[in-house]
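Quick notes on the structure that follows.
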Amino acid sequence: MDVEILSRVQFAFTISFHYIYPPLSIGLGLIMVIMEGAYLRTGEKMYENMARFWTKIFALIFGIGVATGIVMEFEFGTNWATYSKYVGDVFGSALAAEGIFAFALESGFLGVLLFGWNRVKPPVHFIATLGVWLGSLFSAIWIVVANSWQQTPAGYHIVGDGMNARAEITDFWAMVFNPSSVERLLHVWVGAFIAGAFLVMSVHAYYILKNRHVEISKKAFKIALVVAAVFSFSQLITGHESADGVAENQPPKLAAFEGHYDSNAPADLYLFGWVDEQNQKVYGPKIPGGLSYLVHFDFKEPIRGLNDFSEDEVPNAVNAVFQFYHLMVAFGLFFIALTFYGLFMWWRGKLFNLKWLLWVFVGSVILPQLANQLGWFAAEMGRQPWVVYGLLRTSDALSVVVTANQVLFSLIMFTLIYILLFMLFLYLLDKKIKAGPYDLQVDESRPLQEGMVGIVEIEK
């Protein structure tokens, strides 16, 4: 393989591994805020124990996320020097804003969140939890803004010519609110809330099935189920808005999503299928004109196809983009069906009596992660051959002095390190889950009263 392919594989691998953790941090942050808010409102110690337990897991996820995110910043300079020079003023401003407005907020409150349980009053600790969660949201804002600018550049001008060209910001807020940033940010946020909620449901469903920590797990599961159901349905709306933006700003990507080649024909909506790129056909069940209706509310309205663009302007892996996109959508529909069925069983009073359903929730923890990853794969591969859409090609963004052997060696090294890091993460996560929601089991039948907390010996 050449330098470009290896560099793309290396960056895709490192960012995919890193992206396991930020969505979980954002989603768990919301759950923790709800749990602590319930504790302040009701005074029930059970809610505090939930928040304490998930704070420990949040700290583990947050730490791994920070460590794995640092690597990517070095890759910009080692593998993508031309890109870094070209977008440094734009990307650098977004990263600086993340440090000022997001990471400073997170790190400022993180110490109180982790170590302040018995040192500050509950309302103060709640504010710290809220601050850490808001910091994680702000962090996502600036990362998505930087990436969205690459998809739909705005608020800039080009200085210099040829290899010395670079983009400079002329309007900071136009850069921030570029044509795709808001809709993509909402889509990312909602995906993160779903990931965090499914993790909470998975762990507490497991406890219920094993008849451990049953009462606290039922309450925690219900909180996460409501969050998951609300945001799974919301993802339909944010996904549709994001797709509308792609239709307007990146028509080749939209055509690749559905394997649509003929510009003179309405675009079909495939439930699933396979793209024969050589013969420019898609095989699979479809809704004729379905994509045209979603975009124009007209089944017969033509949509620009891949044949309407020159060969070097369209993705070179249409079938891969098609599969990633459709798998993401399929997972999203599954989340809606599963969570709403869970709500229905809750309403009927049978939610925790259906062992098969609880096992489905236990195993489904991986699916939001896959959906988030597949969505990014579809977005980034669908943007090709551009690294900055319409301005800088991926093949021109590489570091000119880096060799294929150097990239391959570092890729192997990162793979081994990340495998070890992931094994450590799973070991520590499993250890915390086995320890249970609290070190001392509280009498969960009574609300918290000063000086009156019944405590029994923890099960060994």
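The values are calculated or read from the model by the stated rules, or taken from the named source; none is laboratory data. In this text, all values refer to a predicted model and were calculated from it rather than measured experimentally. Cβ atoms come from the backbone with ideal geometry, glycine included; neighbour counts cover every protein chain shown.
Could you count how many residues in the range 366-382 are over 12 Å from the mean Cα position of the chain (by Cα) and closer than 15 Å to residue 228 by Cβ?
1
Which pairs have Cβ atoms under 8 Å, sit 6 or more apart or on different chains, and link a residue in the range 424-448 that is over 22 Å from residue 47 (Cβ atoms) to one that is assigned to a loop (DSSP other than H, G, I, E, B) and at pLDDT 90 or above?
The qualifying pairs do not exist here.
Give me the pairs, please: first residue somewhere in the range 122-151 and modelled with pLDDT of 90 or more, second residue anywhere and outside any helix (DSSP H, G or I), beta-carbon distance under 6 Å, and either six or more positions apart or on two chains.
Pairs found: 125/116; 148/178; 148/180; 149/178; 150/388; 151/180; 151/389.
Could you please find all residues in the range 408-460 being more than 25 Å from residue 200 (Cβ to Cβ), among the small types (Gly, Ala, Ser) and at pLDDT below 85?
451, 454 - these are the residues of the range 408-460 that are more than 25 Å from residue 200 (Cβ to Cβ), among the small types (Gly, Ala, Ser) and at pLDDT below 85.
Here are some conditions: (1) surrounded by 20 or more Cβ atoms within 10 Å (Cβ to Cβ); (2) in a helix (DSSP H, G or I); (3) not hydrophobic (A, V, I, L, M, F, W, C). Residue 315 meets all but one. Which one does it not meet?
That leaves (2) as the condition not met.
Being in a loop (DSSP other than H, G, I, E, B) and within 19 Å of residue 300 (Cβ to Cβ) is the filter here; which residues of the range 260-284 pass it?
Within the range 260-284, 260, 261, 262, 263, 264, 265, 267, 268 meet the criteria.
Answer yes if at least one residue in the range 201-208 is of a type outside the set (Phe, Trp, Tyr), surrounded by 16 or more Cβ atoms within 10 Å (Cβ to Cβ) and farther than 23 Å from residue 21 by Cβ, and no otherwise.
Scanning the range 201-208 turns up at least one residue that is of a type outside the set (Phe, Trp, Tyr), surrounded by 16 or more Cβ atoms within 10 Å (Cβ to Cβ) and farther than 23 Å from residue 21 by Cβ.
Out of 183, 168, which single residue is touching a strand residue (DSSP E or B) at 6+ places or on another chain (Cβ under 8 Å) and more than 20 Å from residue 20 (Cα to Cα)?
Result of the check over 183, 168: 168.
For residue 271, which of the numbered conditions (1) exposed (fewer than 15 other Cβ atoms within 10 Å of the Cβ); (2) more than 21 Å from residue 370 (Cβ to Cβ) fails to hold?
(2)
So if I check each of 300, 281, which one is over 20 Å from the mean Cα position of the chain (by Cα) and free of Cβ contacts under 8 Å to residues at least 24 places away in the same chain?
Exactly one residue qualifies, and that residue is 281.
Modelled with pLDDT of 95 or more and either under 13 Å from residue 256 (Cα atoms) or touching a Gly at 6+ places or on another chain (Cβ under 9 Å) (or both): does that describe residue 374?
Against the criterion (modelled with pLDDT of 95 or more and either under 13 Å from residue 256 (Cα atoms) or touching a Gly at 6+ places or on another chain (Cβ under 9 Å) (or both)), residue 374 does not qualify.
One line per residue, one yes/no per condition, for (1) surrounded by 15 or more Cβ atoms within 10 Å (Cβ to Cβ); (2) over 30 Å from residue 246 (Cβ atoms); (3) acidic (Asp, Glu):
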{"residue": "397", "(1), (2), (3)": "yes, no, no"}
{"residue": "400", "(1), (2), (3)": "no, yes, no"}
{"residue": "403", "(1), (2), (3)": "no, yes, no"}
{"residue": "406", "(1), (2), (3)": "yes, yes, no"}
{"residue": "416", "(1), (2), (3)": "no, yes, no"}
{"residue": "425", "(1), (2), (3)": "yes, yes, no"}
{"residue": "434", "(1), (2), (3)": "no, yes, no"}
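Does any residue in the range 169-184 that is without any contact (Cβ under 8 Å) to a residue 40 or more places away in the chain and buried (at least 18 other Cβ atoms within 10 Å of the Cβ) come within less than 7 Å, Cβ to Cβ, of a residue that is polar (S, T, N, Q) and part of a helix (DSSP H, G or I) six or more places away or on a different chain, and which pairs are these?
Close Cβ pairs (under 7 Å, with a partner that is polar (S, T, N, Q) and part of a helix (DSSP H, G or I)) amount to 178/148; 181/148.
Given the conditions (1) over 21 Å from residue 365 (Cα atoms); (2) free of Cβ contacts under 8 Å to residues at least 40 places away in the same chain; (3) in a helix (DSSP H, G or I), report the number of the one that residue 344 does not fulfil.
(1)
Let me confirm something: among 93, 84, which residue is without any contact (Cβ under 8 Å) to a residue 12 or more places away in the chain and under 20 Å from residue 148 (Cα atoms)?
Only one candidate passes the filter, namely 84.
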